[in-house]
Amino acid sequence: MRQDRRPLVIANWKMHKTLAETRAYFVELARHLGPVLATSSAAPEIAVCPGFVALTTAVAARDEAFAGVRRDLRPGVGVQNAHGETTGAYTGEVAAAQAADAGAEYAIIGHSERRREFGEPDALIAARLEGALRAGLVPVLCVGETIEQRRAGEMRAVVDGQTRAAVGGLAAPLVERIAIAYEPVWAIGSGLAASPADAQEVAAHLRAALASAHGERVAAAVRILYGGSVSAGNAGAFMAEPDVDGVLVGGASLDAGAFARIAESARG
Ligand code: PGA
């Protein structure tokens, strides 16, 4: 990652943790990270994305556990999806505006599990992303190819298409606020992470595509993360790559100690 982009480290809990486990997690996270955040000027930006029902519990637990840490250095809380409309007849959905009202600051959008398991198409993902921006959240757009697409040499075309469909229509100042997570589908939850060189190649490619579509300034500002079997053992190597500005962590983020070690490795 480059010095002028603040590293972003995100926990995606997926469908895990009760309210009691949520509270315990933040106590544990503060025990590991509190001293680091209190003394470090180079602290990474950290966000934890619980399930919707634990959102307000997570916000309160974060505030309590990190009370001794400067507000702008405390971990943020985010959601794993959000609807683009502010209100409406969308049974089972949560609006980005509702998530923001409950204290969320980030929204994962277009995760491959949403695309594949729940059939979310590009147009819906674009609307969700725009809604997240409108609500003042930092959207984290997930893109990535399947193993079949990689074998067919379609990796670049897939991530380009997914990125263009989601951000193509947005004005430059909005694009700057987005983070993009390159998450190859075959690496998610498989224990088979991409290599740091692979992640760098795709991140550099995405940055070049952003530069030609939205200008150099935007491309230099957007944070591009890697996700897919990130662990305390490999996170540092990903973030040492010049175009990889952070990590999106699933399984390894469920343990507060492991997630804290991942966040600490952002400092190099
Ligand atoms: P994983 O998940 O770290 O468990 O591979 C990453 C993700 O799905 O965001």
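With both bridge residues required to lie in the chain, what share of the DSSP beta bridges run antiparallel, to the nearest 5%? The antiparallel proportion sits near 0 percent.
The mean of 1/r over all pairs of different alpha-carbon atoms in region 1-122, once inverted, gives a Kirkwood hydrodynamic radius of 15.4 Å.
In the elastic network of the chain, a GNM with C-alpha springs shorter than 10 Å, the most mobile of A219, A67, A135 is A67. The slack in the chain from E154 to V36, taken as 0.36 nm per residue of separation less the alpha-carbon distance, amounts to 38.3 nm. Helices of the chain meeting both criteria, an alpha-carbon length of 27 angstrom or more along the long axis and an average Kyte-Doolittle score not below 0.0, with helices taken as full DSSP H segments, are 19-39. Here region 206-240 and region 106-121 have alpha carbon centers that stand 19 Å from each other.
Note on A211 and V27: the extension gain reaches 62.1 nm, defined as 0.36 nm multiplied by sequence separation minus the Cα-Cα distance. When the Debye formula is applied to the Cα atoms of the chain, each taken as the same point scatterer, what base-10 log of I(q)/I(0) results at q = 0.09 Å⁻¹? Values, matching the q order: -0.36. Computed FRET efficiency, Cβ-Cβ of T87 and A60, R0 30 Å: what is it to the nearest 0.05? Step by step, r from the Cβ atoms, then E = 0.75.
Restricting the calculation to Cα atoms, region 129-174 shows an Rg/Rh of 1.10 when the hydrodynamic-style radius is the Kirkwood one. With only Cα atoms counted, region 52-152 has Rg and Dmax values of 15.4, 51 Å. Using the Cα coordinates of region 67-106, the gyration tensor eigenvalues translate into equivalent-ellipsoid semi-axes of 27, 8, 7 Å, sorted from longest to shortest. Gyration tensor analysis over the Cα atoms of region 214-268 returns equivalent ellipsoid semi-axes of 24, 11, 9 Å (largest first, whole Å).
None of the figures in this text is laboratory data; all of them are computed from the coordinates on show. Note that the structure is a prediction, hence the values are computed from the model and not measured. So basically every Cβ, Gly included, is an ideal-geometry build from the backbone, and we count neighbours across all protein chains shown.
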